[in-house]
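Enquirer: Quick one: the structure is below, and I'll ask about it shortly.
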Amino acid sequence: TNSSIYHVKHLQRDQTEEWKGWMQMMFLWYHYFNATEIYNVIRLYIAAYVWMTGFGNFSYYYIKKDFCMSRFIAMQWRLNFMVAWVCAILGNEYMLYYICPLHTLFTLMIYFGLGINYPMNYTRWGLIAKFAILFVISLVLWDVKGVFTFVWRPFTFLMQYHDPYKPSRPLLSEWEFRTFLDHFVWIVGMFMACNHPKFDAWLEKLDALPAATSNAIKGAVVAAVGIAGYWYVNSVLLLPKKEYNAVHPYTSFIPIVLFIILRNIFTVARQYHLHLFEFLGKTTLETYIGQFHIWMATTGINGSPKKLLSILPEDWFVTNFVVISVIFFFISYRLFQCSNAIRPILVPSKATDEVVKRNVVLGLILVLAIYVACAVLAMVQGHYVGIANPVATLSP
């Protein structure tokens, strides 16, 4: 039998970091090489990230029962600290880096969904009721025409996107489009986190069976996954872009579930992971934001990274790619380290809610003071530039 083999749980942290790492590499290459032919696959990768938001947050809150402010602020810090400064310094809108508000929104929905009357989380019907409420909210918000715009209109100042390529586009359309694509998969992540112990117990029993029986069952599972995967690829994944986007919110969980089964059905596969991808998976937020301005270059305010950053002659494309990539990943990792090093200043370890509230208020005052100082300096600079170039100032 296989009972003597040390049991490794599925979806351990190192495995999910590895998963994030290789997807992030594909995501970055998709942008760098303008590989539009794999658009549908990239949509699945983003859905997998959102799935992990549901899975990871549910697992933490369900097990730890920790809804304190320090945990909440620490999570928001991780998602928004870097992007807030990038937007403030470069003048871009929050929605240009849509991954950050996307994960922030679903993190908030999970936090309040589980945090409100949290003892309900530990009764069968209480948890079912919460899942049903979150599902209905998502259904109404994104699938009933007009509701999304009505709800988010007061927050247009934050979620708006002035598209430089389509100036007539409604300001909230980018936010609606991005969130619509993944408005159910995070709930699937929560559901699978809820049932993680049951699936893990099944895997442990499967590994304990006689080798022949265990391998036969695993082979049947792999065959079933292959059939389901073949159907998905031919019926959904290969659809044209617009048709695929229409069905993506309701089908993206299928390949995610199939991948998780294949990745974990065999004991030996659960025992190993690639350290390189695990390492890259820890800095996905920094590499996502950094690609806009370090690895590539945008076309201006709110512009996408449609240009390649070059420090060498055009004939040296491969060499330039290698050099820029080394610089890019080094800076991304340093930004990751800096963010983690600064966070304890605002949110000290095991800080009380009173301490966190005080630090947040002081932090907001500091940021506001810096913003005002920068605005004054910008006006002063503009005044002197106008004096030095009176003709340019008067030109229409």
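The values are calculated or read from the model by the stated rules, or taken from the named source; none is laboratory data. Just so you know, these numbers come straight off a predicted model, no measurement behind them. Neighbour counts are summed over all protein chains in view; Cβ atoms, including those assigned to glycine, are modelled from backbone coordinates with ideal geometry. Remember, those area values only see protein heavy atoms, side chains included, never the ligands or the DNA or RNA. Shrake-Rupley method; radii C 1.70, N 1.55, O 1.52, S 1.80 Å.
Enquirer: Kindly indicate whether any position in the range 43-53 is open to solvent by 10 Å² or more (accessible area, probe 1.4 Å), over 22 Å from F191 (Cα atoms) and touching a helix residue (DSSP H, G or I) at 6+ places or on another chain (Cβ under 7 Å).
Expert: No: the range 43-53 contains no residue that is open to solvent by 10 Å² or more (accessible area, probe 1.4 Å), over 22 Å from F191 (Cα atoms) and touching a helix residue (DSSP H, G or I) at 6+ places or on another chain (Cβ under 7 Å).
Enquirer: Additional query: Sort through V367, V326, V356 and tell me the only one that's at pLDDT below 95, buried (at least 17 other Cβ atoms within 10 Å of the Cβ) and not polar (S, T, N, Q).
Expert: Values: V367 fails: buried (at least 17 other Cβ atoms within 10 Å of the Cβ); V326 fails: buried (at least 17 other Cβ atoms within 10 Å of the Cβ).
Criteria check complete, one pass: V356.
Enquirer: Counting only residues that are open to solvent by 40 Å² or more (accessible area, probe 1.4 Å) and among the hydroxyl-bearing types (S, T, Y), how many does the range 54-84 have?
Expert: Total satisfying the criteria: 2.
Enquirer: Taking the residues in the range 307-342 that are without any contact (Cβ under 8 Å) to a residue 40 or more places away in the chain and outside any helix (DSSP H, G or I) as candidates, determine which candidate is farthest from the chain's Cα centre (by Cα).
Expert: Across the range 307-342, the extreme among qualifying residues is P313.
Enquirer: Does M82 satisfy the condition of being among the hydrophobic types (A, V, I, L, M, F, W, C) and over 26 Å from S173 (Cβ atoms)?
Expert: Details: among the hydrophobic types (A, V, I, L, M, F, W, C): yes; over 26 Å from S173 (Cβ atoms): no.
Spelling it out, it is not the case that M82 is among the hydrophobic types (A, V, I, L, M, F, W, C) and over 26 Å from S173 (Cβ atoms).
Enquirer: Those residues that are within 12 Å of R78 (Cβ to Cβ) and either open to solvent by 70 Å² or more (accessible area, probe 1.4 Å) or not in a helix (DSSP H, G or I) (or both), I need them from the range 343-353; list them, please. Can you show your working first?
Expert: Start the filter on the range 343-353 by keeping residues that are within 12 Å of R78 (Cβ to Cβ), which leaves 343, 346-347.
Within the range 343-353, R343, V347 meet the criteria.
For every residue, the table says whether it meets (1) farther than 21 Å from P344 by Cα; (2) among the small types (G, A, S); (3) modelled with pLDDT of 95 or more; (4) under 14 Å from the mean Cα position of the chain (by Cα).
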| position | (1), (2), (3), (4) |
| --- | --- |
| W29 | yes, no, no, no |
| T36 | yes, no, no, no |
| Y39 | yes, no, yes, no |
| M69 | no, no, no, no |
| M75 | no, no, no, yes |
| C87 | yes, no, no, no |
| E93 | yes, no, no, no |
| F106 | yes, no, yes, yes |
| K130 | yes, no, yes, no |
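Enquirer: Follow-up. If we keep just the residues of the range 114-129 that are open to solvent by 30 Å² or more (accessible area, probe 1.4 Å) and part of a helix (DSSP H, G or I), which is farthest from Y250 (Cα to Cα)?
Expert: Filtering the range 114-129 down to residues open to solvent by 30 Å² or more (accessible area, probe 1.4 Å) leaves 116-120, 122-125, 128-129.
From what's left, part of a helix (DSSP H, G or I): 118-120, 122, 124-125, 128-129.
On the way: Y118: 28, P119: 30, M120: 28, Y122: 28, R124: 25, W125: 25, I128: 20, A129: 21 Å.
Residue satisfying both the conditions and the ranking: P119.
Enquirer: Let me ask something additional. Is it fair to say L335 is crowded, with 17+ Cβ neighbours inside 10 Å, in contact with a helix residue (DSSP H, G or I) (Cβ under 8 Å, 6 or more places away or on another chain), within 21 Å of Q76 (Cα to Cα) and at pLDDT below 90?
Expert: On the way: crowded, with 17+ Cβ neighbours inside 10 Å: yes; in contact with a helix residue (DSSP H, G or I) (Cβ under 8 Å, 6 or more places away or on another chain): yes; within 21 Å of Q76 (Cα to Cα): yes; at pLDDT below 90: no.
For L335, the condition - crowded, with 17+ Cβ neighbours inside 10 Å, in contact with a helix residue (DSSP H, G or I) (Cβ under 8 Å, 6 or more places away or on another chain), within 21 Å of Q76 (Cα to Cα) and at pLDDT below 90 - is not met.
Enquirer: Turning to a different aspect of this structure: Let me spell it out: the conditions are (1) touching a residue at least 40 places away in the same chain (Cβ under 8 Å); (2) assigned to a helix (DSSP H, G or I); (3) farther than 24 Å from I110 by Cβ, and P164 meets all of them except one. Which number is the exception?
Expert: Every listed condition holds for P164 apart from (2).
Enquirer: From the set of residues in the range 130-161 that are assigned to a helix (DSSP H, G or I) and in contact (Cβ under 8 Å) with a residue 60 or more places away in the chain, which is nearest to G115 (Cα to Cα)? Let's see the steps before the verdict.
Expert: Quick first cut of the range 130-161, residues assigned to a helix (DSSP H, G or I) only: 130-143, 147-159.
Those left that are additionally in contact (Cβ under 8 Å) with a residue 60 or more places away in the chain: 131, 142, 158-159.
Working: F131: 13, W142: 23, L158: 25, M159: 25 Å.
Here the answer is F131.
Enquirer: Considering every residue within the range 20-37, establish whether at least one is open to solvent by 30 Å² or more (accessible area, probe 1.4 Å), of a type in the set (F, W, Y) and closer than 26 Å to F184 by Cβ.
Expert: Yes, some residue in the range 20-37 is open to solvent by 30 Å² or more (accessible area, probe 1.4 Å), of a type in the set (F, W, Y) and closer than 26 Å to F184 by Cβ.
Enquirer: Related question: Which ones in the range 267-292 are over 18 Å from the mean Cα position of the chain (by Cα) and either buried (at least 17 other Cβ atoms within 10 Å of the Cβ) or among the small types (G, A, S) (or both)? It would help to see each step written out before you state the result.
Expert: Narrowing the range 267-292 to residues over 18 Å from the mean Cα position of the chain (by Cα): 267-276.
T267, A269, R270, H273 - these are the residues of the range 267-292 that are over 18 Å from the mean Cα position of the chain (by Cα) and either buried (at least 17 other Cβ atoms within 10 Å of the Cβ) or among the small types (G, A, S) (or both).
Enquirer: Looking at the range 167-207, which of its residues are without any contact (Cβ under 8 Å) to a residue 60 or more places away in the chain, outside any helix (DSSP H, G or I) and charged (D, E, K, R)?
Expert: Correct list: R169 only.
Enquirer: In the range 85-102, which residue that is part of a helix (DSSP H, G or I) and out of contact with any helix residue (DSSP H, G or I) (no Cβ under 8 Å at 6 or more places or on another chain) is surrounded by the most Cβ atoms within 10 Å (Cβ to Cβ)?
Expert: Initially, the range 85-102 is screened for residues part of a helix (DSSP H, G or I), giving 85-90, 94-97, 99-102.
Still in the list and also out of contact with any helix residue (DSSP H, G or I) (no Cβ under 8 Å at 6 or more places or on another chain): 85, 89.
Working: W85: 14, I89: 10.
Among residues in the range 85-102 that are part of a helix (DSSP H, G or I) and out of contact with any helix residue (DSSP H, G or I) (no Cβ under 8 Å at 6 or more places or on another chain), the one surrounded by the most Cβ atoms within 10 Å (Cβ to Cβ) is W85.
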